[in-house]
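Worksheet: one structure, shown below.
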Amino acid sequence: MMSYLNGALQGKQILITGIGGFIGRRLALRLAAEEKAVVTGIDLNLDKTAQLAEVGVQLVQADIQNQAIMAKHLAGIEIVFHLAARLGRFGGSAELAHSINVNATKQVIKQAATMGVSRVVFASTISAYGFPTQPVMNETLPLDTEQVEIYGRTKALAEQRAMALANELGIEVAVIRTSMVYGPESDQWTLAMLDLVQKGLPVIFGDGSGHAYPAYIDNVVDGLLLTAVHPAATNEAFNICDPAITLREFFTYYGKMCGRQPRQIPLWATNIIIVINKLLRLKLPINRGRLKQSRLKVQYPTTKAEKMLGYQVRVPIPKGMKRTEVWLREEGIIR
């Protein structure tokens, strides 16, 4: 397999937190198999990581909040990819999200600096901006550390702390802000979305003309790799997501895969659905805040990453969805 970075990470000692997650697994596979890096990964859940062990990734089942374990495995590490996070998008403990997303991020960066790590790449989210305040949300805009959404708020706070520590401790920090990361093996934005469409549950609210912000997994990994090695990424944050499409287009891709028309309901009925969704825990991708956002047509441009890092969306949405469909059929999830 060819190196995306022309060998820039070959032989480098890499640590990934959250390696058991969707992005962590794909990043680790590419680092080990394509970039020929020496990869160690830490996560509490390693259920889906068998393929990583096969390509030489060292897997550590542990809590990143355990400072002794982190110190042990940070020894000799050159670059850390900090992906471990608590999502908490539709409820969940605000305290736990703050502990993992904010406190653990500070701890990882402090320990990395102490152990001589040169750079920490932190995976954040476009949700850190909070509710969009204008049609184009670029990196010059402030983050919303007081927003209601737990995930966005804690990621915004974590970014603030990370950049402050970079200046204080002299360690390099680079941040990517990604979005709806889909593709083969994506639980949240592929398997869960397909399941909703297959079950005939409502996924399009109103006319579906508001924007969705998909990001194909390999495009996100490209962004992570570039921010790990490019000098211009030092102490900078970058939007890394694909061009926006409408919510109707997004769900129609999954509808065509499984032969179902995505269910649509008018706006007047949506408030009832939101109440039922919460009471019955249907896991529909909708709450009052998301309903408001789903009607917006906002762009999260990657212009900064393109100009400073040479980033490009190598897998456009039609191609990414086709790759996703091929995987779903190979796995027998759709026929």
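Ranked for footprinting exposure by Cβ neighbours inside 10 Å, fewest first, 42, 16, 286 give 286, 42, 16.
The residue list 271, 284, 219 was ranked by how far each Cα lies along the charge dipole of the range 186-335 toward its positive end, using unit charges on Cβ atoms, and 271 comes out on top. Distance between the pseudo-spin-label points of residue 327 and residue 188 (7 Å out from Cα toward the beta carbon): 1.5 nm.
Between rounded, prolate and oblate, where does the range 223-335 land on the alpha carbon gyration tensor, with a ≥ b ≥ c its root eigenvalues, rounded for a/c under 1.5, else prolate if a/b exceeds b/c?
Taking the square roots of the gyration eigenvalues as a ≥ b ≥ c, the range 223-335 is oblate.
Between residue 136 and residue 44, full extension at 0.36 nm per residue minus the direct alpha carbon distance yields a gain of 29.4 nm. Note that the range 153-167 has calculated 3J(HN,Hα) couplings of 5, 5, 5, 5, 4, 5, 4, 4, 5, 4, 5, 5, 5, 4, 6 Hz, one per residue in order, obtained from phi through the Karplus relation 6.51 cos²θ - 1.76 cosθ + 1.60 (θ = phi - 60°); glycine and proline are x. For the options 114, 49, 17, a Gaussian network treatment of the chain with springs between C-alpha atoms closer than 10 Å singles out 114 as fluctuating the most. Each residue of the range 254-263 was assigned a 3J(HN,Hα) from its phi angle through the Karplus curve 6.51 cos²θ - 1.76 cosθ + 1.60 (θ = phi - 60°); the sequence is 5, x, 5, 4, 9, x, 10, 7, x, 6 Hz, with glycine and proline shown as x. In loop segments of the range 145-193 as defined by DSSP, the GluC sites (Glu not before Pro) with at most 11 further C-beta atoms inside 10 Å of their C-beta are 146. For residue 215, the residues whose amide H sits under 5 Å from its own are 180, 181, 182, 242, ignoring neighbours fewer than 5 places away on the same chain, with H placed 1.01 Å from N. A cut-off of 5 Å between modelled amide H atoms, ignoring neighbours fewer than 5 places along the same chain, links residue 84 with 17, 18. A full extension of the chain between residue 10 and residue 268 corresponds to an added length of 87.3 nm, given 0.36 nm per residue minus the alpha carbon distance. Is the range 269-335 best put as rounded, prolate or oblate by its Cα gyration tensor, with a ≥ b ≥ c the root eigenvalues, rounded for a/c under 1.5, and otherwise prolate when a/b is larger than b/c, oblate when not? Verdict is oblate for the range 269-335. Result for the chain in a Gaussian network model with C-alpha springs under 10 Å: among 309, 29, 96, the largest mean-square fluctuation is at 96.
Between residue 232 and residue 307, how many nm apart are label points set 7 Å from Cα along the C-beta direction? A separation of 0.9 nm, rounded to one decimal place. From its DSSP helices (H runs of at least four residues, each -39,500 (n - 2.57)), the chain gives a residue-normalised ellipticity at 222 nm of -12000 deg cm²/dmol. Ranked by how many other Cβ atoms sit within 10 Å of their own Cβ, fewest first, the residues 319, 12 fall in the order 319, 12. Ordering 268, 327, 189 by the number of other Cβ atoms within 10 Å of each residue's own Cβ, fewest first, gives 268, 327, 189.
Rounded if a/c is under 1.5, else prolate if a/b beats b/c, else oblate: with a ≥ b ≥ c from the C-alpha gyration tensor eigenvalues square-rooted, which is the range 96-158? Intermediate results must be reported in sequence, preceding the final value.
On the way: a/c = 3.65, a/b = 1.71, b/c = 2.13.
Oblate, because a/c is 1.5 or more while a/b does not exceed b/c.
For residue 210, the shell of other residues with beta-carbons less than 14 Å away shows a net charge of +3, using +1 for Lys and Arg and -1 for Asp and Glu.
A short reminder: the numbers here are calculations on the coordinates, not readings from a lab. These numbers come from a predicted model, not from an experiment. Positions of Cβ are generated from backbone atoms using ideal geometry, with glycine treated the same way; all protein chains shown enter the neighbour counts.
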